[in-house]
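Next up is a structure, given as structure tokens.
The values are calculated or read from the model by the stated rules, or taken from the named source; none is laboratory data. Predicted model, so just to flag it, every value in this text is computed and none were measured. Cβ placement follows ideal geometry from the backbone for every residue including glycine, while neighbour counts extend to all protein chains displayed. We work out accessible area using only protein heavy atoms, side chains counted, and drop any ligands, DNA or RNA first. Shrake-Rupley method; radii C 1.70, N 1.55, O 1.52, S 1.80 Å.
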Amino acid sequence: MTKFESSVKQIPYPVEDVYRNISDLSNLERVRDRVPEDKLNSFSFDSDSVSVNVSPVGDLKLRIIEREENKCVKFETEQSPMPFNLWIQVLPVSDTESKMKVTVKADIPFMLKGMVSGPLQDGVEKIADALSKIPYETL
């Protein structure tokens, strides 16, 4: 397994608000308009899973497999060209701020590792950036 980690992102919301929103994927409805139309098709979700079609990767479906209150939400692929786990860690910085990091562990075949490592690292960083910009008080 190869591990990809985002940089730590500061979030100007309490850890409880951030966790409450990332642990229930039905909250994605409120940020649907932020999904780039040219990148994602067939975007659907419920409280425990999310499905997207990402160009040029194809169909992805992730399901929450573990929730650790106010600390971490872990996901596992149900459908993907390459199996991986993703987790979002949140920690309090103060009563009104928290920090977040996104980690992916992927089972990448040796022959593909050189080609996909850069784009995967970039994708993990973009996910963390997007999550850090969500207005959690309105979710």
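Quick check on the stretch 22-60: of everything there that is surrounded by 14 or more Cβ atoms within 10 Å (Cβ to Cβ) and farther than 25 Å from ALA106 by Cα, which residue is modelled with the lowest pLDDT?
Of everything passing the filter in the stretch 22-60, VAL31 is modelled with the lowest pLDDT.
Quick check, is ALA128 under 23 Å from ILE11 (Cα atoms) and at pLDDT below 95? Working first, answer last.
Working: under 23 Å from ILE11 (Cα atoms): yes; at pLDDT below 95: yes.
In short, yes.
Restricting the search to the stretch 112-129, which residues are open to solvent by 60 Å² or more (accessible area, probe 1.4 Å) and in contact (Cβ under 8 Å) with a residue 40 or more places away in the chain?
Within the stretch 112-129, the subset open to solvent by 60 Å² or more (accessible area, probe 1.4 Å) is 112-115, 119, 121-122, 126-127.
Once the filter is applied, which keeps residues that are open to solvent by 60 Å² or more (accessible area, probe 1.4 Å) and in contact (Cβ under 8 Å) with a residue 40 or more places away in the chain, the stretch 112-129 yields LYS113, GLN121, ILE127.
Across the stretch 68-98, what is the number of residues that are without any contact (Cβ under 8 Å) to a residue 40 or more places away in the chain, open to solvent by 30 Å² or more (accessible area, probe 1.4 Å) and more than 18 Å from SER6 (Cα to Cα)?
8
Out of the residues in the stretch 99-111 meeting the condition of being within 11 Å of the chain's Cα centre (by Cα) and hydrophobic (A, V, I, L, M, F, W, C), tell me which one is surrounded by the most Cβ atoms within 10 Å (Cβ to Cβ).
Within the stretch 99-111, the first condition is being within 11 Å of the chain's Cα centre (by Cα), and the residues that meet it are 100-104.
Next, from what is left, pick out any that are hydrophobic (A, V, I, L, M, F, W, C): 100, 102, 104.
Values: MET100: 21, VAL102: 24, VAL104: 20.
Filtering first and then ranking leaves VAL102.
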